Structure formats: structure tokens, C-alpha cells
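The values are calculated or read from the model by the stated rules, or taken from the named source; none is laboratory data. Because the structure is predicted, anything quoted here is derived from the model rather than measured. Cβ atoms come from the backbone with ideal geometry, glycine included; neighbour counts cover every protein chain shown. Remember, those area values only see protein heavy atoms, side chains included, never the ligands or the DNA or RNA. Shrake-Rupley method; radii C 1.70, N 1.55, O 1.52, S 1.80 Å.
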Amino acid sequence: MDRFYILVFSLFNKISGGVNLYTLLIPVFLFLGFYSTAISQTIRFQQDTSIPVVNSDSDTLLNAWSGGLNSPQYNRLKLNNDQIEDLVVFDRATYKVYTFIAEPHGNSYRWKYAPYYETQFPSIRYWMLLVDYDHDGQRDLFTYTDFGVQVFRNISSNGQLNWTLVTDLLMTESSSGEINLSVLGTDIPVILDIDNDGDVDLIAGDGVGHVVYYYQNQSMERTGSPNSLDFKTISRCWGAFQSTEVCGQFTFGINCGDEDLRFSGQKVEHAGTALLALDLNNDGLKELLFSAVSCYPLYQLNNTGTLQKAQMSSFTSAFPASRPISFLFPAAFYEDLNFDGVKDLIVAPNVEFNDGNLQNFNHSSWRYTNTSTDSNPNFVFSEDNFLQNTMIDLGEMTFPALTDYDADGDLDLFIGNAGTPNGNGKLFSSIYLYENIGTKAQAIFQLKTADYQTLSSLKSSNLKPFFLDWNQDGAVDLLLMNTTSTQTTFNIYFNQATAGQPYQLSSEISQVISFSSLQSTHVPCFYDFDGDGDWDMLLGKSLGELEYYQNTGSNSSPVFTIKNFAFAQQPLDVFDRSEAPLVTDWDGDGKPDLLSAYRNLSAAPYGGRIVAYSGISTNDDTTFTPQLNTIFNQFLNEYDTIPLPSYITPAAGDLNDDGLPELVLGTGGGGILILKNTSNKGDGKADDGIRLGPNPTSNIIYLTTEKDSEVSVYSLLGKQLMDKKKTQANVELPISVNLWAAGMYVLKITNSDGTKARKMIVAR
């Protein structure tokens with residue numbers, strides 16, 4: 001390959017003669033591609049929650065980087081070795097367990113995000129309830145499994161969380177023999193001592209949503225001990241009531257001996273009930289909070305029966321009275337959330353998706369403070385964004401980007417989102433700007449605006465921002481993926497400022513790029529893969545495809561031509577969905593690497609995962625080795641595939657000035673996760689004795705040569721951007737690119753071996 005470097009050098013010699021270097025370099029870089037003989041690096045990350053975030057009223061967000069919540073389910077559980085129960089949240093929409101410890105704060109406590117404990121939970125699907133069924137002082141875990149309920153016993157000790165599987169399918173005695181105790185994935189059951197005999201019973205919807213089944217635990221009756229799970233189906237209409245397909249219609253006093261209680265004459269559109277049983281009037285009987293999949297209210301059903309036979313006799317839909325629930329399919333949980341020793345009510349939507357775009361997912365956690373007692377509660381509305389108000393939570397689906405928009409030398413954070421409901425079944429999106437008021441080495445983000453460039457006026461959804469010098473004028477532009485009711489396009493807002501100055505984006509769209517197959521669920525990645533000076537594209541698609549499109553036109557008139565339907569020889573995997581790619585030099589070895597984020601369906605909990613490919617090229621015949629265990633598991637003290645939320649979208653930027661880009665993940669929960677890059681920077685070395693990385697870079701690129709050298713940098717137009725610098729052998733030379741626009745540059749390196757050229761990418 002040396003003859004090609006000599007060719008590049010000869011082109012440099014023509015600069016002074018007025019030859020257009022850009023034109024001459026195109027065939028060279030087309031041939032060189034991503035040539036490098038460096039050994040593949042191991043790409044590694046560790047979750048980081050340490051970077052401060054300040055909201056618009058100067059309050060620091062305690063749990064800024066926890067990822068956002070959409071459909072949270074709340075349970076208390078001891079996670080560490082102190083004497084107070086902590087908080088475990090399972091989000092039905094993102095398939096993710098989140099853990100918060102009770103951190104001492106003044107005379108009380110506060111909830112502090114602690115992801116360390118998340119890896120210590122088994123896989124959870126659809127719902128999770130933590131109940132101490134065996135009375136050993138530790139809550140056990142009940143969750144959904146195919147055709148029923150799965151149970152794990154809590155065997156933690158010395159502050160170390162641990163579980164053992166009790167049964168993979170909970171059974172019940174019925175008139176036809178022992179069968180599985182069925183709870184649908186759409187439902188949330190009650191696991192509680194209903195009859196006050198000391199053991200936990202279970203009530204759940206019938207699978208259609210009209211009646212409630214009662215499964216009585218026979219542990220006390222048969223053994224005199226409450227610490228086992230031995231169920232018998234006692235009633236197919238606990239509480240002697242039925243609901244109908246019409247929201248708010250109930251029939252009371254029905255005959256539970258009737259075998260057909262499912263309204264056979266009515267069409268069942270959807271099934272699903274979420275239940276919570278609690279004593280609301282201190283009479284020792286359990287009232288029922290009942291919601292249905294297609295209804296808004298949380299219904300309060302009043303029990304006037306006995307411990308042996310519940311009898312619901314009336315209901316109210318205006319519950320709680322201080323502020324009645326007004327979102328679709330609410331699920332209620334009863335836990336002490338403010339550390340006063342009394343259980344509070346917390347209500348959230350029990351939905352997996354935002355059907356009809358009716359849910360406002362950044363205000364979907366309604367907390368009611370109990371100002372009375374557990375058995376005679378008085379619920380006073382406190383907030384509609386419990387925990388969400390301590391984190392970056394922009395609703396659903398976030399799309400981050402990092403760039404130095406104010407030209408102060410550090411990276412600022414831009415976040416697009418799916419949008420906020422407008423009340424008519426549509427989501428309208430905006431771009432949030434969190435300005436870095438810290439430094440290159442210690443980022444501190446502060447919310448500057450929730451509507452950058454007033455992009456909400458587009459009345460679009462799923463705005464995805466990308467910052468790059470599209471028109472090659474030296475200034476970074478904004479490329480915006482934009483979805484309206486009719487199409488998804490790329491809109492470009494050109495930067496009218498000069499290079500190195502704060503951005504001055506045009507107020508109007510400067511260029512619209514239509515792409516016939518583009519959909520709102522797709523995630524693109526722009527990179528000059530063929531080295532011809534314009535932007536090519538990888539496109540991650542909803543079924544997990546990763547397609548490579550070469551720009552066979554130009555940036556002023558792009559033509560994206562499909563070159564590869566399975567980039568990196570990735571086979572179509574029915575379990576890997578919603579691929580989101582990003583190319584940068586993750587490991588600092590001077591070569592571009594690919595990181596792909598997925599929603600993975602191969603096994604519970606159906607959340608997100610990332611896969612890295614080190615040292616990629618556009619060679620259609622090349623198969624790249626995937627790196628799967630890329631995130632540090634503190635519990636196991638090793639790199640693993642730790643649980644991530646579903647629908648994750650990556651961005652990259654060096655936030656601690658160590659020369660390696662951090663991984664910033666947008667999530668389906670509307671939040672952001674930050675993973676610190678812990679790769680060994682620049683372990684690989686090319687056989688020409690030159691090591692360059694991270695490449696691409698946004699702040700600083702580091703050059704190391706085996707011999708004393710002289711180094712200079714040129715743009716593709718032949719303009720010298722850096723005077724010659726001398727570097728000693730094996731001494732790292734930092735080259736700052738803060739004032740350079742995104743794009744491709746050429747390093748000219750001269751030593752006793754001759755002169756060589758290396759390609760360098762600046763990404764914003």
C-alpha cells in the first residue's frame with residue numbers, strides 16, 4: 001500500500017501549483033477505503049450517572065441519566081444492607097427494571113437511581129409484583145410467564161440480592177384438576193391475603209376483562225403454615241360483579257354459579273384488567289380498584305360482603321376524589337413513597353405502546369399522598385410526574401446528538417423526541433437543547449430551551465437531529481429527520497456562521513431530501529464511507545435490516561443508491577428489531593467502528609442491546625465479528641450484555657476529554673443513558689508505524705509515530721489548516737479540531753521513511 005501513500009504525497013506537492021486537491025484525492029480515497037492493518041480492538045463501556053444536569057429553574061436533576069419512564073410499576077424492596085426498603089420500578093413499555101435506593105437526605109430520604117442492582121433481577125415481562133409470600137421478611141418476585149405466573153423466592157443475604165426459581169408456572173386446583181393459574185400479560189393481578197388467614201391469595205381478571213377469579217391459598221388450611229403457594233380456584237366472579245364492554249357499566253349481585261359469565265352475546269375487542277385490592281374504609285374488607293384496557297377511569301368498587309364472600313355493591317369513577325385519573329388503562333400500586341410510614345397511591349398507564357398517541361408519557365406517574373392510615377386512606381394528589389421530574393424525561397423515544405453549537409470548546413446536547421400528544425391523536429415534536437456549562441473534561445448540562453429553532457412549528461413527530469457540514473463550507477449544519485402525516489424527509493438548515501463561530505442556523509428549511517423508502521421508525525447514520533467527500537448513509541430499519549446507501553450524486557443533489565442490503569454481512573434476524581447504527585472510532589485505534597443498537601426479542605425481557613463491530617469497511621464480501629459483551633456489569637465484575645431499555649438510539653461525543661467518545665443512548669422511555677467509554681485507547685497500531693485516533697473525532701485526535709516526524713493538516717480543497725508540527729517518536733501528539741467543520745481532512749506525515757498521508761474525519 002505504500003505506493004498509494006506516495007501518490008497522495010505527490011498530490012500534496014501539487015498544492016502550490018493550484019491543482020484542486022479535492023478532485024485529485026477522490027480516486028485515492030475510493031481505493032484506500034478504510035484500509036488499515038491494525039488489530040481489532042475491544043470496545044467497552046460503563047454506565048455513568050455522574051454528569052450533572054440542571055433544569056431551566058436551576059435545580060439539579062438527581063436522577064438525570066436514568067432513562068425515562070412511560071408505564072412504570074412500583075414495588076418496595078431491600079436492595080442494600082441498610083434497614084429501609086428501596087424502590088424497584090418495572091416499565092412495561094421499555095421492558096426494563098430500574099432500581100432506586102433510599103438515600104439519606106436531611107431528616108428523611110430521597111430516591112437515588114442506582115443501576116448497579118438492575119442486573120441482579122431475573123428477566124421480567126409485562127408485570128412484576130414483589131410480595132413476601134413465605135414470611136421471611138424478604139419480598140419475593142411474581143411475574144408473567146407464558147400461560148401464567150412465574151415465582152422467584154428472595155434468598156438475599158448480607159446486602160447481596162439473590163433469587164431462586166420456585167416455579168416456572170404457578171398451578172391451581174380446579175374442578176377439572178390441577179391447571180395453570182392463568183394471568184394474561186395485559187393484566188395486573190392482586191397477590192395479597194384476601195381472607196386475612198395469614199397466607200397470600202391471588203385474584204386476577206378472567207382473561208376477557210369482565211369478571212375476577214379468586215384463587216385462595218390453601219397453605220394455612222392444609223399445613224397450618226402460611227409460607228407456601230398452594231392455590232385452589234374458589235370463585236369465578238369474586239365480588240359478585242361483572243363489567244361490560246362499555247366503560248363504566250357494572251352489574252352487581254350476579255350468580256357466581258353461572259358457568260357462562262363472559263357476555264357471550266357481546267364482541268370482545270380487547271382483554272385486560274389491572275387490579276389493586278385495599279381496605280378503603282377500615283372495615284377489614286378489601287375494596288377493589290379496577291381498570292380496563294380500553295377505559296380511562298380507575299373505578300373504585302365498594303365491598304359490603306364478608307371475608308369469606310366479597311360483595312361489590314357500588315362503584316365510583318371519580319377516583320381519587322382529589323384529582324380523578326384521566327388516562328387510558330391506569331394501573332395502581334400501594335407503597336410508601338414519601339418515607340412517612342404510610343402507604344401512598346401511585347398510578348400509571350398499563351400500556352405497552354402509545355395506541356392512538358393519547359398518552360403523555362412525561363407526566364404518566366401520578367402520585368397521591370396518603371394523609372391518613374393504610375386501612376383508612378385519604379389520597380391527596382401530589383404530582384403527575386413522580387420520579388420523572390428528577391430525570392431527563394421527554395415523553396417517549398429520544399434521539400440525542402452532540403455538537404459544540406456555541407463554539408466554546410465543549411459539546412452540547414441536543415435531544416429530539418417522538419412528540420407530545422396534541423389531543424387529536426397526533427404527536428408534535430421539538431428539539432431540546434442542554435447547553436454544556438462545564439468544560440471539555442467535566443461536562444455540566446443545563447436546559448437552555450425545550451424548543452430549539454422553534455421546530456415545534458413544523459407540527460411533526462420523531463424529529464431526529466444530525467449535525468454535520470452538509471454543504472462543505474466549513475460550518476456545521478443541522479440535518480433533521482422529520483415525519484409529518486404524509487411523509488418522512490430529511491430537512492437541512494444551513495449554518496450561516498463562519499467556521500469556529502456559534503451556530504446561526506437558517507430559520508427556514510434550506511434543502512429537503514426525499515427518500516422514497518424512508519419511514520419514521522428508521523434510524524440513519526451519515527458517514528463518508530467511500531471517501532469521495534460527500535455523505536453516504538447506513539439505514540437501520542424496523543425489522544433489523546442495516547442497509548448501506550452510497551451517495552452517487554453530491555451533497556447539493558444527493559442520490560442515495562443501495563449498495564448493500566446487509567451491511568457487515570448481518571443476516572436478517574427476526575429477533576433483532578429497530579436497528580439504530582452509529583459509526584465513529586470507539587476504541588481510538590484510528591479506524592471507524594460500527595455500533596448498532598437493537599430492540600431484541602430473542603429472550604425476555606425484550607429490551608435493548610448493543611453490538612459493536614471494530615474496524616469496519618464497505619467491502620461487500622467482508623463479515624465483521626460482533627462484540628456482544630461490551631458493558632461493564634458491576635455485580636459480576638465483568639463485561640456483559642446488561643439490560644437496556646427498548647428502542648435505544650446512539651450518539652457519540654467525548655465528554656471527559658480523554659480522547660474516547662462516550663456512548664449517549666436515547667431510550668423508548670423518553671430519557672437518556674450515558675455509557676462512559678472504557679476502551680483501551682489506541683492499542684492497535686498500523687504496520688506503517690502510525691497510530692491515529694479517535695477517528696472520527698469531535699474535539700481532539702491523537703497521533704503517535706514510531707519515528708520523529710513533521711505533521712501538517714490539509715482540507716480536501718488543499719487548504720493548509722495546521723502549520724508543521726514536530727512530534728517525537730512514540731510521544732502522543734494531540735491535534736485540536738474544535739474550530740474545524742465536520743468532514744474529511746488529510747494528515748501529511750514526514751519522517752526518515754518518507755512521506756505518508758492519513759485520512760481524518762471530524763464529526764459533530
Given the options Leu663, Leu161, Leu130, identify the residue whose Cα lies farthest towards the positive end of the charge dipole of the chain (+1 on Cβ of Lys, Arg; -1 on Cβ of Asp, Glu). Leu663
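Once the mean 1/r over all distinct Cα pairs of the stretch 428-552 is inverted, what Kirkwood radius in angstroms do you read off?
On the way: mean 1/r = 0.0628 Å⁻¹.
15.9 Å is the Kirkwood radius here.
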Counting Lys and Arg as +1 and Asp and Glu as -1 over every other residue whose Cβ sits under 14 Å from the Cβ of Asn629, the net charge comes to 0
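Hull surface divided by four, with the convex hull built on the Cα atoms of the stretch 146-221: how many nm²?
Working: hull surface 26.4 nm².
Averaged projected hull area, Cα only: 6.6 nm².
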Would you pull out the residues with amide H under 5 Å of Asp640's amide H, same chain only if 5 or more places away, H placed 1.01 Å from N? Thr630, Ile631, Phe632, Asn633
Could you pull out every residue, at least 5 positions away or on a different chain, whose amide H is within less than 5 Å of the one on Ala321? Hs are placed 1.01 Å off N in the peptide plane, and Pro or chain starts have none. none
The helix 2-13 Cα axis meets the longest alpha-carbon principal axis of the chain at an angle in degrees, between 0 and 90 and rounded to 10, of 70
Under a crude label model (7 Å from the Cα following the beta-carbon direction), how far is Val731 from Thr49 in nanometres? 4.4
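Could you grab the relative contact order for the chain? Cα pairs under 8 Å, six or more apart, rounded to a whole percent. Working shown, then result.
Numbers: 2164 pairs, mean separation 100.9, N = 764.
RCO, the chain: 13 percent.
Can you give the local net charge around Pro115? Use residues other than it whose beta-carbon is closer than 15 angstrom to its beta-carbon, Lys and Arg +1, Asp and Glu -1. Let's see the in-between values first.
Values: positive: Lys96, Lys112, Lys676; negative: Asp48, Asp86, Asp91, Glu103, Glu118, Asp640.
Overall, the nearby charge balance is -3.
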The chain, accessible area per residue, ligands and nucleic acids excluded (1.4 Å, Å²): 37
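Semi-axes, largest first, in whole Å: what does sqrt of 5 times each Cα gyration tensor eigenvalue give for the stretch 343-417?
Details: eigenvalues 256, 58, 10 Å².
For the stretch 343-417, the semi-axes come out at 36, 17, 7 Å.
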Residue (of Ser313, Leu298, Ile346) at the positive-pole extreme of the stretch 286-386, dipole from beta-carbon charges: Ser313
Tally Lys/Arg at +1 and Asp/Glu at -1 over every other residue whose Cβ is under 12 Å from the Cβ of Asn357; what's the total? -1
Give the residue from Gly608, Asn629, Leu739 lying farthest towards the positive end of the charge dipole for the chain; charges sit on Cβ (+1 for Lys and Arg, -1 for Asp and Glu) and the dipole is referred to the Cα centre. Leu739
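Rounded to the nearest 20 Debye, what is the dipole magnitude of the chain about its Cα centre when Lys and Arg each give +1 and Asp and Glu each give -1 at the C-beta?
Numbers: 47 positive and 88 negative charges, 353 e Å.
My answer is approximately 1700 debye.
Let's see if you can work this out: charge +1 on each Lys and Arg Cβ, -1 on each Asp and Glu Cβ, no other charges. What is the dipole magnitude of the stretch 665-759 about its Cα centre, in debye to the nearest 20? List each step's numbers first, then the result.
Details: 13 positive and 9 negative charges, 43 e Å.
Around 200 debye, computed over the stretch 665-759.
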Per the 1/(1 + (r/R0)^6) rule, R0 = 30 Å and r from the Cβ atoms of Asp279 and Phe339, FRET efficiency to 0.05 is 0.85
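Kindly state, to the nearest 0.05, the FRET efficiency for Trp163 paired with Asp374, given R0 = 22 Å and r defined as their beta-carbon distance. Spell out each step's value before the answer.
Numbers: r = 27 Å, r/R0 = 1.24.
FRET efficiency, Trp163 to Asp374: 0.20.
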When the Karplus curve 6.51 cos²θ - 1.76 cosθ + 1.60 is applied with θ = phi - 60°, which whole-Hz ³J(HN,Hα) does each residue of the stretch 64-69 get, with x for Gly and Pro? 3, 9, 8, x, x, 10
Whichever lysines have a C-alpha closer than 21 Å to that of Lys464, once near sequence neighbours (fewer than 8 apart) are set aside: Lys426, Lys448, Lys541
So what's the angle, to the nearest 10 degrees on a 0 to 90 scale, between helix 21-32 and the longest Cα principal axis of the chain? 60
Pairwise label distance in nanometres, Ser516 with Thr223, each label 7 Å out on the Cα-Cβ vector: 6.7
Under unit Cβ charges (Lys, Arg +1; Asp, Glu -1), what dipole magnitude, rounded to 20 debye, does the stretch 127-267 have relative to its Cα centre? 300
Share of the chain's accessible area from carbon and sulfur, percent, 1.4 Å? 48
Residues meeting the amide H criterion for Lys448 (H placed from the backbone, H to H distance under 5 Å, 5 or more places apart or on another chain) are Leu433, Tyr434, Glu435
Lone cysteines in the chain, going by a 4.7 Å Cβ-Cβ cut-off? Cys525
Report Rg (one decimal) and Dmax (nearest whole number) for the chain, counting Cα atoms only, units Å. 29.4, 99
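Can you tell me which of 178-185, 242-249 comes out highest on packing, and rank the rest after it, using the mean Cβ neighbours within 10 Å? Provide the component values of the computation, followed by the final result.
Values: 178-185: 18.1, 242-249: 15.5.
The packing order, highest mean first, is 178-185, 242-249.
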Quick one: what does P(r) look like for the stretch 416-466 with 5 Å bins over all Cα pairs, in whole %? 5, 21, 23, 18, 14, 10, 6, 3, 1
